[in-house]
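Contents: one structure, followed by commentary.
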Amino acid sequence: MKLSEIYKSQKAPVFSFEVFPPKGENLKKKVENLFIELAKMNEQKPALISVTYGAGGSNKNTSLEIVKELTNHLKQPVMPHFTCVCSSREYIENYIKEIEQMGITNILALRGDEPLDIDVCYRDFKSAIELIEYLRKHSELEFAVAAYPEKHPRAKSLEDDILVLYKKQELGAKVAYTQVFFDNDCFYNFFDKCTDAGVKIPVIPGVMPITSFKQLKRIVELSGTKIDRKVFEYFEKYENSKEDTIKAGVEFASKQTQKLLEFGVLGMHFYTLNKAKSSLEVIKNIT
Ligand code: FAD
């Protein structure tokens, strides 16, 4: 099913789950575990499963392998993420052909961040817009794009960032998924500004139920994502208890998503970190 059809019906919230291709040691076991988790996610019948991609093609083979396996085994549409940064035109052409041959119909089109450990960085495609322009001319794929309620670090202002999102829409993007955020007010402000700027495609919030304080600290430190001091301290309190942190993460994400649905978003994109439990509990709490 194509993205435009998935988000056409506005009767029930559209839930999508993001996973990443496992890497490193014990790969076989990690992939098996991912499939176990995906089988659990499947019980909730997500509208789609998205699969992340290592910028510069660092995990191309595992990513494609996972995408292929998922496409063969899941009923839900599988949407690979794809980043164009540092990749040659030829590489991009081949990749797109390959996923279309697998029967994939949707892609999350991204620029990506330049990897630090790369020998040659091609400059054939410099932004998501350039990738999108290629996709619309040379493929049948429908494409989703990224959005940043707290502004992309490279953008001069939130308004400039929204102009880029508007341009992506005008070039055919069907839906935008946001960067993870914990402060709904940022999203409401962003959403209203998007509407004022003429963005009409669904803007779907990216929600991550916290499962460890270390992970929360890293997100806040790396991306500068805003989080209420009290919420941060709340998670800090449970730093030494995984079970309590997971419970608190579900509780926080359930409240957050409930409010977002009341605000009127069409769906929710769950950053699952390859674990089904918390996202499924959140959905159970809000539906
Ligand atoms: P672009 O849209 O090209 O640029 C991002 C912003 O930078 C623009 O909105 C614009 O404001 C500004 N900008 C762009 N070009 C210029 C310019 N020339 N001058 C000034 N400002 C400019 N990364 C991965 O590596 N793999 C993934 O699987 C992945 N999945 C993601 C999924 C989601 C839902 C999101 C939100 C992000 C994801 N990312 C992923 C991260 C993403 O690759 C980075 O945020 C990257 O820095 C920007 O990609 P983009 O497609 O938004 O780029």
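Could you tell me whether F213 is buried (at least 17 other Cβ atoms within 10 Å of the Cβ) and in contact (Cβ under 8 Å) with a residue 60 or more places away in the chain?
Criteria not met by F213.
Residues of the range 83-99 being under 16 Å from F143 (Cβ atoms), in contact with a strand residue (DSSP E or B) (Cβ under 9 Å, 6 or more places away or on another chain) and in a helix (DSSP H, G or I), which ones?
Matches in the range 83-99: I92, Y95, I96, I99.
Can you say whether K200 is within 12 Å of the ligand (Cβ to nearest atom), charged (D, E, K, R) and touching a residue at least 12 places away in the same chain (Cβ under 8 Å), as far as the supplied structure shows?
no
Within the range 194-205, does at least one residue satisfy the condition of being at pLDDT 95 or above, assigned to a loop (DSSP other than H, G, I, E, B) and touching a Ser or Thr at 6+ places or on another chain (Cβ under 6 Å)?
No.
Tell me, please, whether a residue that is on the phi < 0 side of the Ramachandran plot and not in a helix (DSSP H, G or I) can be found in the range 241-255.
yes
Considering only the range 96-129, state which residues are among the charged types (D, E, K, R), loosely packed, with under 15 Cβ neighbours inside 10 Å and closer than 22 Å to P153 by Cβ.
Once the filter is applied, which keeps residues that are among the charged types (D, E, K, R), loosely packed, with under 15 Cβ neighbours inside 10 Å and closer than 22 Å to P153 by Cβ, the range 96-129 yields D113, E114, D117, R123, K126.
Scanning the range 107-117 for residues that are more than 6 Å from the ligand (Cβ to nearest atom) and charged (D, E, K, R), which turns out farthest from the chain's Cα centre (by Cα)?
Here the answer is D117.
List the helices (runs of 4 or more DSSP H) that sit entirely inside the range 1-82 and contain at least 3 residues that are of a type in the set (F, W, Y).
Answer list for the range 1-82: none.
Among the residues of the range 167-192 satisfying the criterion of being in a helix (DSSP H, G or I) and within 10 Å of the ligand (Cβ to nearest atom), which is nearest to F270 (Cα to Cα)?
K168
Counting only residues that are near the ligand (Cβ under 7 Å from one of its atoms) and either under 18 Å from the mean Cα position of the chain (by Cα) or part of a helix (DSSP H, G or I) (or both), how many does the range 118-166 have?
12
Hey, T52 hits all of (1) within 19 Å of F20 (Cβ to Cβ); (2) open to solvent by 10 Å² or more (accessible area, probe 1.4 Å); (3) more than 9 Å from the ligand (Cβ to nearest atom) but one; which does it fall short on?
Condition not satisfied by T52: (3).
The values are calculated or read from the model by the stated rules, or taken from the named source; none is laboratory data. Keep in mind the model is a prediction, meaning the values are calculated, not measured. We place every Cβ from the backbone using ideal geometry, glycine too, and count neighbours over all the protein chains shown. Ligands, DNA and RNA are stripped out before the accessible areas are found, and what is left, the full protein with its side chains, is counted by its heavy atoms. Shrake-Rupley method; radii C 1.70, N 1.55, O 1.52, S 1.80 Å.
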